[in-house]
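Colleague: Below: one structure in structure tokens.
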Amino acid sequence: MNNFISVKDVTDINSLAKKALDYKADPRKDLHLGANKRIGLLFLNPSMRTRLSTQLAAGNLGMEAIVFNVGQDGWSLEFEDEAIMSGTTVEHVKDAAPILGNYFDILGIRTFPSLKNKEDDYNELYIKQFIKYAGIPVVSLESATVHPLQSLTDIITIKESFREKRKPKIVLTWAPHVKALPQCVANSFSQWINAWGEADFVITHPEDYELDKQFTQGASIILDQDEALKNADFVYVKNWSTFTDYGKIYCNDPEWMLTNQKLNLTNNAKVMHCLPVRRNVELSDEILDGPNSIVTQQASNRVWAAQAVLAEILKK
Ligand code: CP
């Protein structure tokens, strides 16, 4: 593996998931793999789970991890080639990234989308510029359109939670929110579940919240949430803003929030969410505090997904 930007960088999802679960069973078995190596973790946006789990994963491989909150502590970066930098940006990625490439062996980058310019966001300018100019492997810690470390974690969590000899039914459901959020987690989850190919996959959302087809192709789209939830083994809850009329909130109907009454339609489904979650807006207390929620297990598995990915890059 050279970079880890999306599922397209993975040749065998099951094999990578197995490596992650092997690390869960024996976290320090490759403690010397990353000896004398450093990873730089650059955050242009906030994070708790991604930041801490990747640091822990690097530590389990004997790597030094250095976190840099570019958004708070660093110079504001320019990403457009040939920009005339007379505005607010202070340093061009073309100048900063090669230095980071000399400081580190691997670079992790978190960059959220603007949600203002669909073309720029969906071209993944920021992460592509880091790949172009850093000269070392780049790991996405969530980019403008996808969150691959989260999605690998999600598959690991589904695999360890489902023991039946049949395909699970997985439902990704839109949920209400007070802010316009990126489509990243929903895009990425859809892309990984479709690429994995070992589930009956349904996406449900209100009209006007359709995701980019490049990620959802292979899934069944059912606009009636109750219909979609029937016999689900897993329900993945997530808000996203509109894709077509980009970055907007249209419907914000609280009826779309998952409750125990809705859960009764499912096959006693496990409930997932990437976190952070707005309680009683996006997901009800009764679900989050109830026996079907696996959100803590899911977030805890972030360490093993990150460790498997870093190990693959280090081995290369
Ligand atoms: N799920 C996730 O990426 O969490 P953080 O934003 O806290 O990293």
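The values are calculated or read from the model by the stated rules, or taken from the named source; none is laboratory data. Since this is a predicted model, take the numbers as computed values, not measurements. Methodologically, a virtual Cβ is constructed for each residue, glycine included, from the backbone with ideal geometry; neighbour enumeration extends over all protein chains shown. Heads up: the accessible areas ignore ligands, DNA and RNA and are worked out on the full protein's heavy atoms, side chains in. Shrake-Rupley method; radii C 1.70, N 1.55, O 1.52, S 1.80 Å.
Colleague: Using the Cα centre as the reference, give the magnitude of the dipole from point charges on the C-beta atoms of region 173-267 (Lys, Arg: +1; Asp, Glu: -1; all else neutral), rounded to the nearest 20 debye. Don't skip to the answer; put the middle values down first.
Modeller: On the way: 6 positive and 13 negative charges, 65 e Å.
Dipole size: approximately 320 debye.
Colleague: Find how much the distance from residue 267 to residue 316 grows on full extension, using 0.36 nm per residue of separation minus their present alpha carbon separation; answer in nm with one decimal. If you can, show how the numbers build up before the last one.
Modeller: Working: separation 49, 0.36 × 49 = 17.64 nm, distance 4.19 nm.
Difference between extended and current length: 13.5 nm.
Colleague: Follow-up. Going down the table (24/238; 128/315; 19/262; 37/165), which pairs top 30 Å between alpha carbons? Don't skip to the end; give the middle numbers.
Modeller: Values: 24/238 26 Å; 128/315 23 Å; 19/262 35 Å; 37/165 41 Å.
Over 30 Å Cα-Cα: 19/262; 37/165.
Colleague: Taking R0 as 30 Å, what's the FRET efficiency between residue 281 and residue 231 from their Cβ-Cβ distance, rounded to 0.05? Please list the in-between numbers first.
Modeller: Values: r = 27 Å, r/R0 = 0.89.
Working from the Cβ atoms, E equals 0.65.
Colleague: Taking the Cα centre as origin and putting +1 on Lys and Arg beta-carbons and -1 on Asp and Glu beta-carbons, what dipole magnitude results for the chain, to the nearest 20 debye?
Modeller: 1140
Colleague: Near residue 179, which aspartates and glutamates are there with a Cα under 16 Å away, not counting those fewer than 8 places off in the same chain?
Modeller: Within reach: 245, 253, 282.
Colleague: In whole percent, what relative contact order does region 150-299 give with Cα contacts below 8 Å and a gap of six or more residues? Before the final figure, lay out the partial values.
Modeller: Details: 282 pairs, mean separation 41.2, N = 150.
In percent, rounded to a whole number, it is 27.
Colleague: Next question. Given the options 47, 190, 241, which has the most mean-square fluctuation in a GNM of the chain, springs set between C-alpha atoms less than 10 angstrom apart?
Modeller: Between 47, 190, 241, it is 47 that shows the largest mean-square fluctuation.
Colleague: Once amide H atoms are placed 1.01 Å from N in the peptide plane, what residues at a sequence separation of 5 or more from residue 240, or on another chain, have their amide H within under 5 Å of its amide H?
Modeller: 175
Colleague: Let me ask another. In region 169-212, what percent of the accessible surface is made up of carbon and sulfur (1.4 Å probe, ligands and nucleic acids excluded)? Spell out each step's value before the answer.
Modeller: On the way: 470 of 1100 Å².
After summing per-atom areas, the C and S share lands at 43 percent.
Colleague: Check which residues have an amide H placed less than 5 Å from residue 139's amide H, if you skip close sequence neighbours.
Modeller: 4, 107, 108, 109
Colleague: Express the accessible area of region 215-279 per residue in Å², computed with a 1.4 Å probe while the remaining protein chains stay in the model.
Modeller: Values: 3140 Å² over 65 residues.
Counting only protein heavy atoms, the per-residue value for region 215-279 is 48 Å².
Colleague: Quick check on the chain: what are the equivalent-ellipsoid semi-axes from the Cα gyration tensor, as sqrt(5λ), descending, whole Å?
Modeller: Details: eigenvalues 206, 120, 51 Å².
They are 32, 24, 16 Å, listed largest first.
Colleague: What length, rounded to one decimal in nm, is gained on full extension from residue 220 through to residue 250, with 0.36 nm per residue of separation minus their alpha-carbon distance? Walk me through the intermediate numbers first.
Modeller: Details: separation 30, 0.36 × 30 = 10.80 nm, distance 2.20 nm.
Gain on stretching residue 220 to residue 250: 8.6 nm.
Colleague: Nearest 0.05, what FRET efficiency do residue 28 and residue 69 give at R0 = 45 Å with Cβ-Cβ as r? It would help to have the intermediate numbers written out before the result.
Modeller: Details: r = 28 Å, r/R0 = 0.62.
In this case the efficiency is close to 0.95.
Colleague: Starting with the highest mean, order 265-277, 14-26 by the number of other Cβ atoms within 10 Å, averaged over the residues of each peptide. Write out the running numbers ahead of the final one.
Modeller: Values: 265-277: 19.5, 14-26: 16.8.
Highest-to-lowest ranking by the protection proxy: 265-277, 14-26.
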